[in-house]
1. Does residue 54 satisfy being on the phi > 0 side of the Ramachandran plot, surrounded by 15 or more Cβ atoms within 10 Å (Cβ to Cβ) and in contact with a strand residue (DSSP E or B) (Cβ under 8 Å, 6 or more places away or on another chain)?
2. Looking at segment 434-448, which of the residues that are outside any strand (DSSP E or B) and within 12 Å of the ligand (Cβ to nearest atom) is nearest to residue 289 (Cα to Cα)?
3. I need a count of the residues in segment 219-255 that are within 16 Å of the ligand (Cβ to nearest atom), modelled with pLDDT of 95 or more, in contact with a strand residue (DSSP E or B) (Cβ under 8 Å, 6 or more places away or on another chain) and not in a loop (DSSP other than H, G, I, E, B).
4. Can you tell me which of 10, 37 is more than 6 Å from the ligand (Cβ to nearest atom), in contact with a helix residue (DSSP H, G or I) (Cβ under 9 Å, 6 or more places away or on another chain) and modelled with pLDDT of 95 or more?
5. Out of segment 62-78, which residues are under 23 Å from residue 136 (Cα atoms), in contact (Cβ under 8 Å) with a residue 12 or more places away in the chain, surrounded by fewer than 18 Cβ atoms within 10 Å (Cβ to Cβ) and under 20 Å from the mean Cα position of the chain (by Cα)?
6. Go through 162, 131, 188, 125 for me and flag whichever is assigned to a helix (DSSP H, G or I), within 24 Å of residue 438 (Cβ to Cβ) and in contact with a helix residue (DSSP H, G or I) (Cβ under 6 Å, 6 or more places away or on another chain).
7. Inside segment 413-439, can you point out the residues that are more than 23 Å from residue 9 (Cα to Cα) and surrounded by fewer than 16 Cβ atoms within 10 Å (Cβ to Cβ)?
Ligand SMILES: Cc1cc2nc3c(=O)[nH]c(=O)nc-3n(C[C@H](O)[C@H](O)[C@H](O)COP(=O)(O)OP(=O)(O)OC[C@H]3O[C@@H](n4cnc5c(N)ncnc54)[C@H](O)[C@@H]3O)c2cc1C
């Protein structure tokens, strides 16, 4: 008889784990708090508009390919390669920088700002590539049974990278580039990790290799939610059951194992094996009542920033705006130092704008555009009151209108807003932190909450706050590592 697995959470981590386990013959049920699958990888479909709600592009498509091969299926969605990757605009400058993957084309834009940009950029990328090659298999795509095993793995990394461990992303960028524009653009990727270039370790410059040379960025034809729809279809074909509107709030144990989970209506869910896709730190504290993850302890951990996201439908087309765009101010260093903790940065916010309808006409009514804004903000530990959200959004729309030379505010026909409070409530994200636990050096690898439970032998974790970390490809890698754990347990039990 096949073993029964319950997965708590239908985020990308939960869905990928479900697919791998169902393909291996397990009987899988996915319990999800919300009325649909996807978690942060979600969509809003209202008033004729479709918006990606969270992730809007991603790298490392080969991890998705590996998932499909592992499960013996064709990829049920279509990747769309981005080139330019995105645009960057600095406040007060008329110019938009286009982040082309072709280094010569990229270099033409920096001819005035950074002499010899092309050679410097190639040298920068070469080192990023060696960092990637020397760490990704040893330290990122690995299960560690103990701290000792982790340290042993780190010792296999080429010692030439040691000095980098002592530097910030910003300082490493400064080793290669003098111009502030280039340093800012190159280090922007640290924000994608929910931190800033000043508090992100230089080891993460390996992401520049992934971004520009190894794989690039992609989104999905028809919008990012097609990933979820495709995976859910495949899961259903493999007989996986979904129970929506089911939030796990308690548990029962027997003989050192979890025996059942209790939902908000008091219903018990039994299984042989449990995989938790709810945040690995939050769930241990809130549901399993572990002291190490009590609320005061969670507050002491380092959490990524929050996001103010808003979804705007307008009754006009914006041919002058690309699909993915960053609008930065002109105080990058001060802003970066403050953005995680100081609500004062919201007086002149930095933000990202995604125009999903640019390449997916069906995502807005004819003659309309679907705009998705993401503004990095302090999470709820540093800003609890969001009664000023409309004021902040109006100021962003005003700034955006000035920069693109067209009044957008008066053309708004649809508007929806998620502050960190909504992000927290919808997906149980601690303090509304957008990406979960930070990737600081004390919270990665074996130092991150483990993907196996400390007490219950039949319980495992997958997703952003366990290994390897945040982002869509990491959720897919996480599912691979978790399934390794489940198979190990299953063999001997
Ligand atoms: C605004 C924003 C923009 C982002 N942009 C990008 C991007 O461009 N590219 C990229 O790669 N990544 C991006 N990310 C990060 C990415 O979304 C996440 O890393 C990834 O989706 C996390 O997947 P997950 O499976 O770990 O968790 P989640 O997506 O959070 O899934 C967990 C699921 O568990 C459910 N759940 C929680 N608690 C319970 C419970 N007690 N009972 C039942 N169900 C429960 C939740 O409702 C949720 O559905 C972004 C994130 C945000 C917030």
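1. Details: on the phi > 0 side of the Ramachandran plot: no; surrounded by 15 or more Cβ atoms within 10 Å (Cβ to Cβ): yes; in contact with a strand residue (DSSP E or B) (Cβ under 8 Å, 6 or more places away or on another chain): yes.
When the stated conditions are applied, residue 54 does not pass them.
2. Here is the first cut: in segment 434-448, the ones outside any strand (DSSP E or B) are 434-436, 438-448.
Still in the running and within 12 Å of the ligand (Cβ to nearest atom): 434-436, 439.
Details: 434: 23, 435: 22, 436: 19, 439: 24 Å.
Restricting to residues being outside any strand (DSSP E or B) and within 12 Å of the ligand (Cβ to nearest atom), the top hit is 436.
3. Number of matching residues: 15.
4. 37
5. 62, 66
6. 131
7. Listed by number, the residues that qualify are 413, 415.
A quick yes/no check of all residues on (1) modelled with pLDDT of 95 or more; (2) touching a helix residue (DSSP H, G or I) at 6+ places or on another chain (Cβ under 8 Å); (3) within 16 Å of the ligand (Cβ to nearest atom); (4) not assigned by TED's automatic domain parsing to the domain that holds residue 191:
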| site | (1), (2), (3), (4) |
| --- | --- |
| 398 | yes, yes, no, yes |
| 406 | yes, no, no, yes |
| 412 | yes, yes, no, yes |
| 429 | yes, yes, yes, yes |
| 432 | yes, yes, yes, yes |
| 462 | yes, yes, yes, yes |
| 466 | yes, yes, yes, yes |
| 474 | yes, no, yes, yes |
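The values are calculated or read from the model by the stated rules, or taken from the named source; none is laboratory data. Just so it is clear, the structure is predicted and the values come from calculations on it, not from any experiment. Neighbour counts run over all protein chains shown; Cβ positions are idealised from the backbone, glycine included.
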